[in-house]
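Have a look at the structure below before the remarks.
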Amino acid sequence: MAANKVGVIGAGQMGTGIVEVCAEAGFDVYFMDIDEAKLSHAIGLVEDSLGKKVERGKLSADQAKATLARITTGVDYDGFRDCHIVIEAAVEDEAVKKAVLKALCPVLPKDAIITTNTSTLSITRLAAMTDRPGRFLGTHFMNPVPKMELVELIRGIATDEATYRELHDFAIKLGKVPTSAEDFPAFVVNRILMPMINEAIYTLYEGVGSVESIDNAMRLGTHHPMGPLELADFIGLDTCLGVMHTLHDGLSDSKYRPCPLLVKYVEAGWLGRKTGRGFYDYSTDKPIPTR
């Protein structure tokens, strides 16, 4: 087991960002996804991101080159055999994550740590699917990972204190600020953020304000850098809906009921920026409100 080697599973937006910050912090990274095309695209995004940092004077060209050289990609689990920490960043689907963990455990050194980047799912339940619940922790990175400072650290009921301390120190090495959260649905950030977004959608649904007026009100009235509907589009409306379902199902409180308008947008496939249409239409240079 190599103490300086980290594994990351999942070449989506979160996994790609996590790979970038790990490699930039000096860790060797094995980056795995079952789709080679997604991996190639993800490495291109990392290269572009590092290039922009060079242009802004935040990295030297040699540092960017060295960062890329620390990343190895693959489509199988063998590359995790000597990893000390493996971060699962697959799609936010419990069945998928459980399948990943089942395939991962047999190849990992027995003392290696597994951590999941889930934003909503039970850490205790996921840990129970592994052969090392004491060496399992939730590390919820914020999006976009290279820019956002916070990492939520979530213990499962069986997580060892030594595991928590090691991941706490690891987050600091990545230049992040770790904060502790308990293993309840959506943890801290999303438990507060998603109901606010959901309430903004209710405000639109009930005709209290338009998309533009709601976002302007929150940007100018509370100094939020993004309005809640713009932010929902950035996150992905399907993700927002999934979190609200998790809160509603897990806490059995009607205040977490997803807004019917959010459900309709997701049913229509209007998921925000990633589909080109959500509460804004992104087909033109300047996004246009769709409502």
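Read-outs throughout are calculated quantities, based only on the coordinates presented, and are distinct from any laboratory measurement. These figures come from a predicted structure and were not determined experimentally. Virtual Cβ from ideal backbone geometry, glycine too; neighbours counted across all protein chains shown.
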- Task: May I ask for the net charge around Pro228, where only other residues with Cβ less than 9 Å from the Cβ of Pro228 are counted and Lys, Arg are +1 while Asp, Glu are -1?
- Result: -3
- Plugging the Cβ-Cβ distance of Ile157 and Lys274 into 1/(1 + (r/R0)^6) at R0 = 25 Å yields, to the nearest 0.05, a FRET efficiency of 0.10
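Kindly provide the helix-only [θ] at 222 nm of the chain, computed as the sum of -39,500 (n - 2.57) over DSSP H runs of four or more divided by all residues, to the nearest 500 deg cm²/dmol?
Values: 11 runs with 130 residues, N = 291.
For the chain, the value works out to -14000 deg cm²/dmol.
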- Message: Modelling each spin label as a point 7 Å along the Cα-to-Cβ direction, I'd like the Met129/Ser283 distance in nm, to one decimal.
- Response: 3.8
- Sorting Tyr164, Thr130, Ser254 by the position of each Cα along the dipole of the chain (Lys, Arg +1; Asp, Glu -1; all at Cβ), the one nearest the positive end of that ordering is Tyr164
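What size of dipole, in debye to the nearest 20, comes out for region 146-291 about its Cα centre when the only charges are +1 on Lys and Arg C-beta atoms and -1 on Asp and Glu C-beta atoms? It would help to have the intermediate numbers written out before the result.
Working: 15 positive and 20 negative charges, 67 e Å.
It comes to approximately 320 debye.
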- Message: Using 0.36 nm times the number of residues separating Glu36 and Ser210, minus their current alpha carbon distance, what extension gain do you get?
- Response: 58.4 nm
- Label-to-label distance, nm, for residues given as Val188 and Lys147 (7 Å Cα→Cβ offset): 2.2
- Item | Label point 7 Å beyond Cα of His245 along Cβ direction - residues of region 120-141 with amide nitrogen under 17 Å | 120-122
- State the answer as a single residue: which of Leu153, Ala112, Ala23 lies farthest towards the positive end of the charge dipole of region 2-181, with beta carbon charges of +1 for Lys and Arg and -1 for Asp and Glu, about the Cα centre. Leu153
- Among the Cα-Cα pairs of the chain, the proportion with separation greater than 28 Å, in percent, is 40
- Query: How large is the charge dipole for the chain, taken about the Cα centre, if only the Cβ atoms of Lys, Arg (+1) and Asp, Glu (-1) carry charge, to the nearest 20 debye?
  - Reply: 240
- Query: Does anyone have the angle between helix 189-205 and the longest principal axis of the chain? Alpha-carbon axes, 0 to 90°, nearest 10?
  - Reply: 20
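Less than 13 Å Cβ to Cβ from Lys147, Lys/Arg counted +1 and Asp/Glu -1: what total charge do the surrounding residues give?
Working: positive: Lys52, Lys53, Arg56, Lys58, Lys176; negative: Glu20, Glu24, Glu149.
Here the charged neighbours net out to +2.
Indicate, rounded to the nearest 5 percent, the antiparallel portion of the DSSP beta bridges found entirely in region 2-181. Walk me through the numbers on the way to the answer.
Details: 5 of 31 bridges.
Here the antiparallel bridges make up roughly 15 percent for region 2-181.
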- Taking the chain as the reference, fit the longest principal axis to its C-alpha atoms, fit the long axis of helix 211-222 to the helix C-alpha atoms, and give the angle between the two in degrees, 0 to 90, nearest 10. 70
- Rounded to the nearest whole number, the Stokes-Einstein translational diffusion coefficient of region 190-281 at 20 °C and 1.002 mPa s (Kirkwood radius, C-alpha pairs) in µm²/s is 165
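Compute the signed sum of charges (Lys and Arg +1, Asp and Glu -1) over the other residues within less than 13 Å, Cβ to Cβ, of Ser60.
Values: positive: Lys53, Arg56, Lys58, Lys65; negative: Glu24, Glu55, Asp62.
Within the 13 Å Cβ shell, the charges total +1.
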- Alpha-carbon centroids, region 92-127 and region 196-237: separation in whole Å: 34
- Given charges of +1 on the Cβ of Lys and Arg and -1 on the Cβ of Asp and Glu, with all other atoms neutral, how large is the dipole of region 1-143 about its Cα centre, in debye to the nearest 20? 380
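Output the relative contact order of region 2-181, whole-number percent, from Cα pairs under 8 angstrom with separation of 6+ residues. Please report the intermediate quantities before stating the final value.
Working: 340 pairs, mean separation 37.9, N = 180.
It comes to 21 percent, rounded to a whole number.
What is the gain in length, in nm to one decimal, between Arg219 and Leu45 on full extension, counting 0.36 nm per residue of separation less the C-alpha to C-alpha distance? Before the final figure, lay out the partial values.
Numbers: separation 174, 0.36 × 174 = 62.64 nm, distance 2.90 nm.
Using 0.36 nm per residue and subtracting the Cα-Cα distance, I get 59.7 nm.
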- Note on the structure: Tilt, helix 237-251 to longest principal axis of the chain (alpha-carbon atoms), in degrees rounded to tens, equals 80
- So if R0 is 45 Å, what FRET efficiency would Asp111 and Lys264 give, r being the distance between their Cβ atoms, rounded to the nearest 0.05? 0.40
